[in-house]
1. Output the qualifying pairs, or none if there are none: Cβ atoms under 9 angstrom, residues six or more apart or on different chains, first residue in segment 224-244 and of a type in the set (D, E, K, R), second residue open to solvent by less than 80 Å² (accessible area, probe 1.4 Å) and in a helix (DSSP H, G or I).
2. Going by what's in this entry, would L186 be described as of a type outside the set (D, E, K, R) and touching a strand residue (DSSP E or B) at 6+ places or on another chain (Cβ under 6 Å)?
3. Residues that are touching a residue at least 12 places away in the same chain (Cβ under 8 Å), surrounded by fewer than 18 Cβ atoms within 10 Å (Cβ to Cβ), more than 24 Å from the chain's Cα centre (by Cα) and assigned to a helix (DSSP H, G or I): does segment 134-141 have at least one?
4. For the subset of segment 204-230 comprising residues that are over 28 Å from E178 (Cα atoms) and of a type in the set (D, E, K, R), which member is surrounded by the fewest Cβ atoms within 10 Å (Cβ to Cβ)?
5. Scan segment 164-176 and report the pairs whose first residue is under 17 Å from V146 (Cβ atoms) and whose second residue is in a strand (DSSP E or B) and modelled with pLDDT under 85, with Cβ atoms within less than 8 Å and a gap of 6+ or a chain change.
6. For the structure I just gave you, tell me whether G117 is at pLDDT below 85 and assigned to a helix (DSSP H, G or I).
7. If K147 meets every condition in (1) open to solvent by 40 Å² or more (accessible area, probe 1.4 Å); (2) in contact with a strand residue (DSSP E or B) (Cβ under 7 Å, 6 or more places away or on another chain); (3) over 30 Å from S233 (Cα atoms) apart from one, which number is that one?
Amino acid sequence: MSQRKRSKGLGGSQFSTQMTDGEDDSIPTQVQRQSQDQVNQKVSELVQFLLVKDQKKIPIKRADMLKNIIREYRNAYSEIVKRADRTLQEVFGLQLVEIDTKRHIYILINNLPRAEGQHLCRGKEKEKMGLLLVILSFIFMKGNSVKDSALWEFLHLLRVYPGKQHSIFGDVRKLVTEEFVRQKYLETTPIPLTDPPEFKFQWGPRAEKETSKKDVLNFVAKMQGKDPAFWASQFSEAEASQANT
């Protein structure tokens, strides 16, 4: 049998040594004897699984993908995920991004060109995402970190009251401290030695992926009718952040 140069993939070298004469060399090494049709089916199932998770913007664990979709095809995990990600990008304009390399947690981010002011707004969640953009802007303009009491006071000025049910946002305190945090748009850090306990808000990894400091500063400038360079410190930080991406 003629020797062919094989690509390095999942179990590539081990698979090569297990090949016997008469087998079809055209089978990708990543799938190790498993039918291409079956792998294609797993790719399709994974795409659907990720899209369902994205509807609620729930971070996706590798363990859940393995348990619920990949199952006995775990030796083809990399191939299946890579192809699912390519499908998401080409068909839906979404990209699978790993935000926690230790615990292997992923999110889907919008990979399509976006109009100014719409970086976080999609579909029925537009109103909530609009509030989130305002919160992210407030955090950035205040030095990338704000105490919870400062955020509640700011929202109060916008007639959004954390202690009251809002006609659009529902329970605002729960939306901000639970939903936005669970979706990885915001992060909270306890402030030591505070009684009653206080904490501070910062941008979460999803916010870092889906928007940028430059976008947020442009949003603030547009709302206030000023040039972004008016805020020298934030402008410099936004430019530096953009240069590093």
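The values are calculated or read from the model by the stated rules, or taken from the named source; none is laboratory data. Just so we're clear, the structure is a prediction, and the values are computed from it rather than from any experiment. Cβ placement follows ideal geometry from the backbone for every residue including glycine, while neighbour counts extend to all protein chains displayed. Just so you know, the surface numbers come from the protein's heavy atoms only, side chains and all, with ligands and any DNA or RNA stripped out. Shrake-Rupley method; radii C 1.70, N 1.55, O 1.52, S 1.80 Å.
1. Listed by first residue and then by second, the contacts come to K226/V220; D227/A221; D227/F235; E237/F140; E237/K213; E237/L217; E239/K213; E239/K214.
2. Taking the combined requirement at face value, the residue satisfies it.
3. no
4. Top of the filtered list is D227.
5. Close Cβ pairs satisfying both conditions: V172/H166.
6. For G117, the condition - at pLDDT below 85 and assigned to a helix (DSSP H, G or I) - is not met.
7. (3)
The rows are residues; the columns are (1) open to solvent by 50 Å² or more (accessible area, probe 1.4 Å); (2) in contact with a Ser or Thr (Cβ under 9 Å, 6 or more places away or on another chain).
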site	(1), (2)
L151	no, no
L175	no, no
P197	yes, no
Q202	yes, yes
A232	yes, no
